[in-house]
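**Q** Next up is a structure, given as structure tokens.
The values are calculated or read from the model by the stated rules, or taken from the named source; none is laboratory data. No experiment lies behind these values; they were computed from the predicted model shown. Glycine gets a Cβ as well: all are built from the backbone with ideal geometry, and neighbour counts include every protein chain shown. Side chains are part of the model used for accessible areas, which takes the heavy atoms of the whole protein and leaves out ligands, DNA and RNA. Shrake-Rupley method; radii C 1.70, N 1.55, O 1.52, S 1.80 Å.
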Amino acid sequence: MRRASDGERRRLNETFQTLCRIESPSRQERACADWVTAELRSLGLEVEEDDAGARVGSNAGNLLSRISGRRDESLLLCAHLDTVPLTAAVEPVVVDGGWENANDGILGADNKSAVAILIELARRLVSNPPEVGVELVFTICEEVSLQGSREFDAGRLRSSFGYVFDHATPIGEIVLASPSHQRLVADMRGGAAHAGVRPEAGRSAIAAVARAVAQMRLGRLDEETTANVGTIEGGTAINVIPEHCRIEAEVRSVEEDKLQAALTDMIDRLEDAANASECDVDLTVERMFEGYRTRARAPHVLLAERALRACGYEPKHIASGGASDANSFNAAGFQCTNLADGSERNHQPDERISVDALEGMFEVAIALVEEAGHGV
């Protein structure tokens, strides 16, 4: 059953197109935050902006707006304003039934599709008050280890549960598990020497790091655990034995013991390589975000299943290797579930979202509110 009118669907696509054109890479969300704020206020809604931006280096803060319902209960819907860095201007076009960037760069459907859906949901609910209220949160800096939502005070929320639409897989998938994330930075320090005259006097930090990385278990370690070395930098010139080399790596896992085992293995490889190469290594480990695992029969999961089925989608429970603002909310003790939004190839130049998926998630958002009105 279609809940949205043709006019609402048309307006949704127009709003999405407008949002995609607004550049908002992480820490530069001001223009997008201002647009969202102005749009919500034009509907008669109050918008609060916190000071998270000052703490994470962004020019904007997280936004919170509330739509009143006929009852005191409410649910949260959340989207993030930022995108990964742009490599080209965004010119949204519809190709073969889907939105793409006409230029060679990301579209920004991650997460502008959800932002557009929440804006148009607000427009609908303001003119037709729902049974239960809706809290809308728009976060900053999600693409940089969830920094914005980690700074959001979940104690301000009146809802008891919520949803984000932020997983680039088919609509119907419900993320019940998401990993914790550890970042590892290693600075390998050897000794410089002239590579052609006195190579024996040098101790190559790059060679030591290469030895360590070659021994690491990387990629998908099991269904719940991944490890990656993302950056390597070092050296000053081709005729100098490099005295310094830095790597940045990460480990993710839903299970804490697997996370720590993979991290320990990385550290052991680096320390062994340092000893074998007569180098020193300085290690920094940082917990970037916490994982979560949600019960399949949790009330807010069952509500999401009812909403999906009401829109013609078959629910499917999945575990993800990625994170979302749902991680931050769950870590703060607030129940939040990530629902797949039907977008494709997020963070890639060929990112797209079909018009059907964009409109389909709008239907799901409407159904979530309706189903919440029937009781959790």
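**Q** Filter region 290-329 for residues that are closer than 12 Å to Leu176 by Cβ and among the charged types (D, E, K, R); which is surrounded by the most Cβ atoms within 10 Å (Cβ to Cβ)?
**A** Only one residue fits best here, namely Glu305.
**Q** May I pose another question? Within region 118-141, how many residues turn out to be assigned to a strand (DSSP E or B) and surrounded by 21 or more Cβ atoms within 10 Å (Cβ to Cβ)? So that I can check it myself, show each step before the final result.
**A** At the first step, the residues of region 118-141 found to be assigned to a strand (DSSP E or B) are 133-139.
After this cut, where a residue has to be surrounded by 21 or more Cβ atoms within 10 Å (Cβ to Cβ) as well, the list is 133-134, 136-139.
The number of residues fulfilling the criteria is 6.
**Q** Can you pull out the residues in region 59-72 that are of a type in the set (A, V, I, L, M, F, W, C) and either more than 23 Å from the chain's Cα centre (by Cα) or open to solvent by 60 Å² or more (accessible area, probe 1.4 Å) (or both)?
**A** The initial filter retains those residues of region 59-72 that are of a type in the set (A, V, I, L, M, F, W, C), namely 60, 63-64, 67.
Hit for region 59-72 is Ile67, nothing else.
**Q** In region 245-269, what count of residues is obtained for those that are among the aliphatic types (A, V, I, L, M) and in a strand (DSSP E or B)? Break it down stepwise before answering.
**A** So in region 245-269, the residues among the aliphatic types (A, V, I, L, M) come out as 247, 249, 251, 254, 259, 261-263, 266-267.
After this cut, where a residue has to be in a strand (DSSP E or B) as well, the list is 247, 249, 251.
Of the residues in that region, 3 qualify.
**Q** Of Val47, Val56, Val36, which residue is among the β-branched types (Val, Ile, Thr), within 21 Å of Arg156 (Cα to Cα) and open to solvent by less than 10 Å² (accessible area, probe 1.4 Å)? Let's see the steps before the verdict.
**A** Details: Val47 fails: open to solvent by less than 10 Å² (accessible area, probe 1.4 Å); Val56 fails: open to solvent by less than 10 Å² (accessible area, probe 1.4 Å).
On inspection, the qualifying residue turns out to be Val36.
**Q** Among (1) open to solvent by 20 Å² or more (accessible area, probe 1.4 Å); (2) part of a helix (DSSP H, G or I); (3) within 26 Å of Val56 (Cα to Cα), which single condition is Lys112 missing?
**A** Condition not satisfied by Lys112: (1).
**Q** State whether the residues of region 273-289 include one that is surrounded by 15 or more Cβ atoms within 10 Å (Cβ to Cβ), under 15 Å from Arg183 (Cα atoms) and modelled with pLDDT under 95.
**A** Looking through region 273-289, at least one residue is surrounded by 15 or more Cβ atoms within 10 Å (Cβ to Cβ), under 15 Å from Arg183 (Cα atoms) and modelled with pLDDT under 95.
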